[in-house]
Every structure is written in structure tokens, then in C-alpha cells.
Amino acid sequence: MIDVVLPCLDEATALPWVLGRMPAGYRPIVVDNGSTDGSPDVAAACGARVVHEPQRGFGAACHAGLLAATGDIVCFMDADASLDPAELPKVTGLLAGAALGLGRRRPTARGAWPPHARLGNALIARRFGLRDIGPMRAAYRERLLGLELTDRRSGYPLEMVLRAAGNGWRIAETDVAYHPRTGRSKVTGTVRGTLQAVRDMRRVLETS
């Protein structure tokens, strides 16, 4: 089984679609990060394993999922229906020749990926010879644990790429469809969220 970590904060509306499209052999771990809309109950009803992480932060939820995973391969993806789990095998397939596989976002509609978020992502990704830091990703669990990731906020995905590159990992990308998310983004959908994400990533770059 391949474990799929889905950080979750108030995604009750999106979860049935996301979990219903999980491929055979992929086991969803929904990490609830303080939802108030019944997301944990929805996830459990859809057959997902539910993990509760009281420490707020995207990275805190991701890392709790990684620690809860038991499969040799662990994937990460958003739980907001912006990504289709049916494309996970494309990303895990990259591990045949790479240590970290990333799903490179290909927007399917105008507004799916706001320009300011896309620009910031591209500027950072270019430092690693990539086109996207990638919200859908896959790697071997033991190797991920060995990276000893410490960020517990929005810098977690960047820290993973940064440390992987620093350890000489080969990183590969493949296109995945990026849809308009269900509901408003906690990061790119608000000025406060965007600024906080920028601060988090800047901190990771400065301390790594």
C-alpha cells in the first residue's frame, strides 16, 4: 500500500470527491488540523484513516501524516479538490528513476492558480532547476524521515525540496491537472495567508 497524506482544515465539501477518486492501492490519511465543519467524520465515512494534529500549520499536518504512515512510499496532496488523486500513479511512477517525485501544476481554468502565487512559486522553483515546488509529491518514507524536516507551517514543501536537493536526491516532475479548489484557499485566497506563506518560505531559505 502507498500512503497518501491529506492535510485538512475545513474540507468537508471537497473530501467525498477527493477520497472517492483515490486509486486502488493508495491509502488516504486525512490529517485534521482543527476543522469545525465535520471534516473528520466525512473522511472517516469515506473510508479514510483520520489523524488529528492539534498544532496548527500546514507543515504540522503534513508531518503528522508522515509519522502516521506505514507504507514504503508516501504521497502528499491537498484535500481541497484542486488535485485529482487519479493522477497519483503518474507521480509515484517517477520514483523508478528519482528519489522525489513532484506533480507540476497545469491549471485547467483561469483563476485556478492566481498569478501572484504562480510567480512566487516559479521564482523559488527555478533555484532547483524545477518549474514548480509541487503540491502533489511522492517519496520513500524512510528517506523522508531522514531529512528531519522542522518547518511546521507553509514552508514545509519548500524545506522538503531544499533538503532533498542538498542531500543529492534526484528530483523529477510530471504535469498534473490543477483545478479551481473547492472553497477559498487559506493561503492564496487571502492577503494574510499569502503574506504568511511568503514569510514562512523566506525563513526556510534563510535557515537552510
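The values are calculated or read from the model by the stated rules, or taken from the named source; none is laboratory data. Just so we're clear, the structure is a prediction, and the values are computed from it rather than from any experiment. Glycine also receives a Cβ, built like all others from the backbone with ideal geometry; neighbour counts cover every protein chain displayed. The accessibility values were calculated without ligands, DNA or RNA, using every heavy atom of the protein model including side chains. Shrake-Rupley method; radii C 1.70, N 1.55, O 1.52, S 1.80 Å.
Table for the structure above
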{"item": "Candidates ALA48, ALA43, ALA96, ALA79 - the one that is at pLDDT 95 or above and either surrounded by fewer than 22 Cβ atoms within 10 Å (Cβ to Cβ) or more than 17 Å from TRP17 (Cβ to Cβ) (or both)", "result": "ALA96"}
{"item": "Residue ranges of helices (runs of 4 or more DSSP H) in the stretch 1-100 with at least 3 members of a type outside the set (Val, Ile, Thr), under 12 Å from the mean Cα position of the chain (by Cα) and under 24 Å from ASP132 (Cα atoms)", "result": "58-68"}
{"item": "The stretch 146-168, subset in a helix (DSSP H, G or I) and buried (at least 21 other Cβ atoms within 10 Å of the Cβ), residue nearest to the chain's Cα centre (by Cα)", "result": "PRO157"}
{"item": "Output for the stretch 137-160, where each listed residue is at pLDDT below 95 and aliphatic (A, V, I, L, M)", "result": "LEU158"}
{"item": "Of the criteria (1) at pLDDT below 80; (2) surrounded by fewer than 21 Cβ atoms within 10 Å (Cβ to Cβ); (3) among the hydrophobic types (A, V, I, L, M, F, W, C); (4) not in a loop (DSSP other than H, G, I, E, B), which one VAL187 fails", "result": "(4)"}
{"item": "Residue check, GLU173 modelled with pLDDT of 95 or more and not in a strand (DSSP E or B)", "result": "no"}
{"item": "Scan of the stretch 131-145 for residues that are farther than 19 Å from VAL4 by Cα and open to solvent by less than 20 Å² (accessible area, probe 1.4 Å), ordered by number", "result": "ASP132"}
{"item": "Residue ID - modelled with the highest pLDDT, chosen from residues in the stretch 121-136 that are small (Gly, Ala, Ser) and under 17 Å from the mean Cα position of the chain (by Cα)", "result": "GLY134"}
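For every residue, the table says whether it meets (1) under 19 Å from LEU145 (Cβ atoms); (2) touching a strand residue (DSSP E or B) at 6+ places or on another chain (Cβ under 6 Å); (3) crowded, with 23+ Cβ neighbours inside 10 Å; (4) in contact (Cβ under 8 Å) with a residue 40 or more places away in the chain.
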{"residue": "LEU15", "(1), (2), (3), (4)": "no, no, yes, yes"}
{"residue": "GLY20", "(1), (2), (3), (4)": "no, no, no, no"}
{"residue": "PRO23", "(1), (2), (3), (4)": "no, no, no, yes"}
{"residue": "TYR26", "(1), (2), (3), (4)": "no, yes, no, yes"}
{"residue": "HIS63", "(1), (2), (3), (4)": "yes, no, yes, yes"}
